[in-house]
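These notes concern the structure reproduced below.
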Amino acid sequence: MISRYEPGDRWTEHYRGYRLRTNPDGDIWWQAYQGTDRLYLEPTPGDLIESLLELKRLGGRIRITEGNDVLTRAEEDDEYKTHWIGRFDLNGELVPPEDPDFSVPVQPDGLEPGDFWPSVYDGAKYSFGPGVERIWWDNPQTHKRHPVQEFFSQELVTILSRYKPQGGSLRVTPWNDVLTLVDLDKLPSQTRAEFDSLPRVVKNLIALRRDRGGVQKLPIYAGQVEATPFSISDPPSLTDPFEDQSDGVDSWLDSLGETSQTEVDNHTVDGPDTESLPANDLDDEIPEDDPIDW
């Protein structure tokens with residue numbers, strides 16, 4: 001795939017992706033949550049690190065999108081700008097320096113939807129609503145939801161709806177695997193035995209997520225997306241032109257129903273309890289199940 005960017009160009013799309021770190025010595029690693037534990041990527045992508053060091057001589061953090069674009073942020077004029085470094089097919093092993101025998105694959109294979117994810121839980125973060133009818137990217141600066149233009153396959157929608165009926169977050173890896181975090185009671189009865197067979201490093205990382213991030217969920221493989229990279233659109237704004245329905249303003253006005261009577265004491269209106277509302281009316285109740293910055 002030919003990119004329209006050159007190394008060092010300003011990145012004009014949204015900033016997301018699988019997180020790695022580098023240093024001037026040419027090391028590259030994945031770092032554990034709120035800690036200093038490292039898993040070093042082998043083999044080392046020397047050309048990629050060289051391109052990064054030309055922009056940031058001390059190295060730093062990079063992200064690899066679901067489209068294999070490598071991004072970094074550099075300070076310019078007292079603010080950080082995002083730059084494109086290159087493209088990279090992430091693969092290999094993540095190796096603990098204490099004992100390389102306990103390395104884990106970057107890209108586990110042979111998985112079925114619903115299986116535990118036997119590697120680090122990372123990738124571009126997106127969110128979805130009940131029934132996966134909407135998918136979006138949360139802008140961490142503005143906290144606005146930018147709709148994703150692509151659609152998931154029916155198989156992937158079915159899996160996500162089964163394990164997370166109220167919606168939540170997911171991760172998309174640079175090789176298009178979709179991962180998500182689920183409650184233990186949503187998993188089959190044989191789950192405990194499968195958990196015990198996970199690599200030692202992965203089990204300890206799950207424990208770190210619970211202890212340091214308060215995440216009481218388990219990572220599973222949900223399937224694959226067919227079309228990447230994802231494109232997003234701007235969220236609705238109160239200053240947008242009024243989007244009346246196709247039948248015209250009169251039809252839209254006629255569609256307004258009766259307003260429930262306002263209670264004098266507390267200025268609330270009579271209406272159904274939120275527990276009885278359809279899932280689509282509870283978008284604000286979608287769980288924040290995956291804090292991204294720990």
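The values are calculated or read from the model by the stated rules, or taken from the named source; none is laboratory data. Here the structure is a predicted model, which is why all the values come from computation and not from measurement. For neighbour counting, all protein chains shown are included, and Cβ atoms are generated from backbone atoms with ideal geometry for every residue, glycine included.
Computed quantities for the displayed model
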read-out: Residue in segment 33-45 that is farther than 18 Å from residue 201 by Cβ and surrounded by fewer than 19 Cβ atoms within 10 Å (Cβ to Cβ) present; value: yes
read-out: Within segment 27-43, considering residues that are at pLDDT 95 or above and assigned to a loop (DSSP other than H, G, I, E, B), the one farthest from residue 211 (Cα to Cα); value: 43
read-out: Qualifying residue in segment 88-96 (condition: surrounded by fewer than 13 Cβ atoms within 10 Å (Cβ to Cβ) and either over 15 Å from residue 29 (Cβ atoms) or in contact (Cβ under 8 Å) with a residue 12 or more places away in the chain (or both)); value: yes
read-out: Filter result for residue 183 (surrounded by 17 or more Cβ atoms within 10 Å (Cβ to Cβ), among the acidic types (Asp, Glu) and under 25 Å from residue 105 (Cα atoms)); value: no
read-out: Options 90, 58; residue that is of a type outside the set (Lys, Arg) and within 23 Å of the chain's Cα centre (by Cα); value: 90
read-out: Filtered residues of segment 13-32 (kept if touching a helix residue (DSSP H, G or I) at 6+ places or on another chain (Cβ under 7 Å) and either under 19 Å from residue 141 (Cα atoms) or surrounded by fewer than 16 Cβ atoms within 10 Å (Cβ to Cβ) (or both)); value: 24, 26
read-out: Residues of segment 110-128 satisfying the condition of being over 21 Å from residue 67 (Cα atoms) and among the aliphatic types (A, V, I, L, M); value: 111
read-out: Residue in segment 149-189 that is farthest from residue 70 (Cα to Cα), counting only those that are among the hydroxyl-bearing types (Ser, Thr, Tyr) and without any contact (Cβ under 8 Å) to a residue 24 or more places away in the chain; value: 189
read-out: Segment 64-86, residues that are surrounded by 18 or more Cβ atoms within 10 Å (Cβ to Cβ), part of a strand (DSSP E or B) and touching a residue at least 60 places away in the same chain (Cβ under 8 Å); value: 64, 69, 71, 83, 84, 85, 86
read-out: Candidates 4, 10, filtered to the one that is in contact (Cβ under 8 Å) with a residue 24 or more places away in the chain, loosely packed, with under 13 Cβ neighbours inside 10 Å and under 15 Å from residue 86 (Cα atoms); value: 10
read-out: Matching residues, segment 206-222, being surrounded by 15 or more Cβ atoms within 10 Å (Cβ to Cβ) and touching a Leu at 6+ places or on another chain (Cβ under 9 Å); value: 206, 209, 215, 217, 218, 219, 220, 221, 222
read-out: Checklist (1) crowded, with 18+ Cβ neighbours inside 10 Å; (2) over 30 Å from residue 13 (Cα atoms) applied to residue 203, failing item; value: (1)
read-out: Selected residue (only one of 113, 140 is assigned by TED's automatic domain parsing to the domain that holds residue 188 and more than 16 Å from the chain's Cα centre (by Cα)); value: 113
